[in-house]
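Undergrad: What follows is a single structure, and I will ask about it in a moment.
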Amino acid sequence: MKILFLCTANSCRSILAEALFNHLAPAGMRAFSAGSEPRGDINPLTLETLARAGIAADGLYSKSSDAHQALNPDFVITVCDKAAGEACPVQFGPATKAHWGLADPSESVGSPEEIKAAFDATLVRLKLRFTAFLALPLAHLDAATLRTEPARIGTL
């Protein structure tokens with residue numbers, strides 16, 4: 001099973017999602033990420049957050065959704081919080097789509113500790129959602145439930 005996490009810049013939220021999901025997922029499941037307007041590099045605080053959590057960042061890079069044209073993901077999950085205001089596309093054909101809006105920690109203001117805490121909080125929120133997603137009996141869900149459960153998880 002393949003999951004694609006989409007965001008705008010692909011430098012923070014979607015990168016955190018890709019790395020954390022791959023860290024938690026069992027064999028046979030793999031996450032990817034991309035952006036509609038990729039920044040071209042990963043936010044350094046994203047990499048610091050992953051390192052603090054003991055999550056590998058090998059092979060991660062900021063890329064356009066065009067990089068995954070041949071991916072054929074099973075799920076496409078957008079993680080832009082301001083979906084109405086951000087160019088956060090939902091595409092990729094018959095994939096099950098869901099929106100898991102997250103505030104962009106790279107836009108946090110405050111002390112270095114407060115900004116670091118915003119990145120950590122994003123990772124914690126993603127872990128909560130991934131735990132719920134990975135607990136789903138995906139092979140046994142009917143089509144309607146398969147569409148609604150990922151959307152419900154996005155509200156956690």
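The values are calculated or read from the model by the stated rules, or taken from the named source; none is laboratory data. Everything numeric in this text was worked out from a predicted model, so none of it was measured. Ideal geometry is used to build each Cβ from the backbone, glycine not excepted, and the neighbour counts take in all protein chains shown.
Undergrad: Please go through (1) within 20 Å of ARG125 (Cβ to Cβ); (2) part of a loop (DSSP other than H, G, I, E, B); (3) among the hydrophobic types (A, V, I, L, M, F, W, C) for LEU71 and return the number of the only condition it doesn't satisfy.
TA: Unmet for LEU71, out of (1) within 20 Å of ARG125 (Cβ to Cβ); (2) part of a loop (DSSP other than H, G, I, E, B); (3) among the hydrophobic types (A, V, I, L, M, F, W, C): (1).
Undergrad: Kindly evaluate LYS63 against the criterion of being in contact with a Gly (Cβ under 8 Å, 6 or more places away or on another chain), basic (Lys, Arg), surrounded by 16 or more Cβ atoms within 10 Å (Cβ to Cβ) and under 20 Å from ALA9 (Cα atoms).
TA: The answer is yes for LYS63.
Undergrad: Can you pull out the residues in region 1-33 that are free of Cβ contacts under 8 Å to residues at least 60 places away in the same chain, part of a helix (DSSP H, G or I) and within 9 Å of the chain's Cα centre (by Cα)?
TA: Scanning region 1-33 gives ILE15, GLU18, ALA19.
Undergrad: Oh, and also: Out of THR8, THR49, report the one residue that is among the β-branched types (Val, Ile, Thr) and under 18 Å from VAL124 (Cα atoms).
TA: Exactly one of THR8, THR49 is among the β-branched types (Val, Ile, Thr) and under 18 Å from VAL124 (Cα atoms), namely THR49.
Undergrad: Might you let me know whether region 106-119 holds any residue that is surrounded by fewer than 18 Cβ atoms within 10 Å (Cβ to Cβ), in contact with a Ser or Thr (Cβ under 6 Å, 6 or more places away or on another chain) and at pLDDT 95 or above?
TA: Yes, that holds for at least one residue.
Undergrad: If you take the residues in region 125-156 that are among the aliphatic types (A, V, I, L, M) and exposed (fewer than 10 other Cβ atoms within 10 Å of the Cβ), which one is modelled with the highest pLDDT?
TA: In this case the residue turns out to be ALA135.
Undergrad: Considering only region 76-88, I want to know if a residue exists there that is in contact with a strand residue (DSSP E or B) (Cβ under 8 Å, 6 or more places away or on another chain), of a type in the set (S, T, N, Q), buried (at least 21 other Cβ atoms within 10 Å of the Cβ) and not in a loop (DSSP other than H, G, I, E, B).
TA: Yes; the residues of region 76-88 include at least one that is in contact with a strand residue (DSSP E or B) (Cβ under 8 Å, 6 or more places away or on another chain), of a type in the set (S, T, N, Q), buried (at least 21 other Cβ atoms within 10 Å of the Cβ) and not in a loop (DSSP other than H, G, I, E, B).
Undergrad: Only one of THR8, THR96 is out of contact with any helix residue (DSSP H, G or I) (no Cβ under 8 Å at 6 or more places or on another chain) and not hydrophobic (A, V, I, L, M, F, W, C). Can you tell me which?
TA: Answer to the check: THR8.
Undergrad: Considering (1) touching a Ser or Thr at 6+ places or on another chain (Cβ under 7 Å); (2) of a type outside the set (Ser, Thr, Tyr); (3) more than 20 Å from LEU24 (Cα to Cα), say which one PHE75 fails and leave the rest.
TA: Answer for PHE75: the failing condition is (3).
Undergrad: Which residue is nearest to LYS2 (Cα to Cα), if the candidates are limited to region 34-63 and must be within 14 Å of the chain's Cα centre (by Cα) and not in a loop (DSSP other than H, G, I, E, B)?
TA: ALA34
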